[in-house]
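Notes to accompany the following structure.
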Amino acid sequence: MTDSSSALTVREQGNVTLQIPKLTETNYTSWSIMVETVLRAYGLWEAIDPVTGAAVDEKKNYTTKAMVFQSLPEDILLQVAKHKDAKDVWESIRVRYLGADRVQKARLQTLRSELEMLRMKENETINDLEGKISGIMAKFKSLGSSLDEEVVVRKLLNSAPKKYLPIVASIEQYSEIENMPFEEAVGRLKAYEERLKSHDERDEDKGQLLLTSVEQNGRGRGRGRGFGRGEKGRGRGSGRSDKSKFRCYECGEFGHFANECTKWKDKEQEANLIEEEEPTLL
């Protein structure tokens, strides 16, 4: 059996290398997209999707079949080899992986429900949301259907969390959503997301600086009071400390504790003196 994990390499003039992945049981959607792209690059897609009433060139038909055949595993190749036209080969593969028309309709309805229920979580990014919507769009395409650009743009805007409401409202108010490409809408939301992120980082830095300052002041006051008690109860403890690093919480100067503050003591004595003199003045 042919190795299903390898890829078919196709070379074109100008040293351009195109690769078609091997078809597996799980990669039909991406496989069909890649094969269609390569066939279009070689001008061969008309053998798969001919213009109504137009005859397909025989050489193009067989060249297309050859390229598709080389990307198939052996068991699938044996099933579709009976078909003469590349169009019938393609349709046979599609039906095998996607089912008949009624099955396709059911799958399309499931995809519509999936798109309708899609919401961006708070811990996700716009990239995550874009990837989910693009994945659903690719599945629609593989089923022979498509989504209007306006539908996916509105879905993108409506799926974003509340914190994106300002940019969503701006886009809806000042832009023509019916003419806006999906990529442009994604780009605007990403730009806004980056601004939110930078503001959050600045706020976080400010908060951290404030917390550090509070903690340092708290430790300074605690040490000042602690060493003050140490001087009265255990004089040895304060003798070993370097007071130059501590700030007095009474006068704000470094080099001493509150209980040693001469300015505070002077103020206290002055207040007492005023209290003593007040009866005399009265």
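Couple of notes before you dig in:
- Single match in L39, L8 (criterion: at pLDDT below 75, buried (at least 18 other Cβ atoms within 10 Å of the Cβ) and either farther than 21 Å from G135 by Cβ or touching a Cys at 6+ places or on another chain (Cβ under 8 Å) (or both)): L8
- Restricting attention to the range 78-92 and to residues that are of a type outside the set (G, A, S) and surrounded by 15 or more Cβ atoms within 10 Å (Cβ to Cβ), the residue that is farthest from V35 (Cα to Cα) turns out to be H83.
- Selection within the range 11-36 - among the small types (G, A, S) and modelled with pLDDT of 80 or more: S30, S32
- Any pair with Cβ under 6 angstrom, 6 or more apart, that starts in the range 73-100 at a residue that is without any contact (Cβ under 8 Å) to a residue 24 or more places away in the chain and within 17 Å of Y62 (Cβ to Cβ) and ends at one that is of a type outside the set (S, T, N, Q) and part of a helix (DSSP H, G or I): V80/V89; H83/V89; S92/V80
- Members of the range 113-147 that are out of contact with any helix residue (DSSP H, G or I) (no Cβ under 7 Å at 6 or more places or on another chain) and among the aliphatic types (A, V, I, L, M): M117
- Put simply, of T52, T17 the only residue that is polar (S, T, N, Q) and assigned to a loop (DSSP other than H, G, I, E, B) is T52.
- So E150, is it outside any helix (DSSP H, G or I) and surrounded by 12 or more Cβ atoms within 10 Å (Cβ to Cβ): no
- Qualifying helices (runs of 4 or more DSSP H) (wholly inside the range 81-144; at least 1 residues being over 30 Å from Y164 (Cα atoms) and hydrophobic (A, V, I, L, M, F, W, C)): 86-98, 101-117
- Pairs where the first residue, in the range 41-57, is in contact (Cβ under 8 Å) with a residue 12 or more places away in the chain and the second is assigned to a loop (DSSP other than H, G, I, E, B) and among the β-branched types (V, I, T), C-beta under 9 Å, 6+ apart: E46/V56; A47/V56; P50/V56
- Filter result for E114 (surrounded by fewer than 16 Cβ atoms within 10 Å (Cβ to Cβ), free of Cβ contacts under 8 Å to residues at least 24 places away in the same chain and acidic (D, E)): yes
- The lone exception for E204 - which of (1) at pLDDT below 85; (2) assigned by TED's automatic domain parsing to the domain that holds E124 it fails: (2)
The values are calculated or read from the model by the stated rules, or taken from the named source; none is laboratory data. Given the structure is predicted, the values throughout are model-derived calculations rather than measurements. Cβ coordinates were reconstructed from backbone atoms using ideal geometry, including for glycine residues, and neighbour counts include every protein chain displayed.
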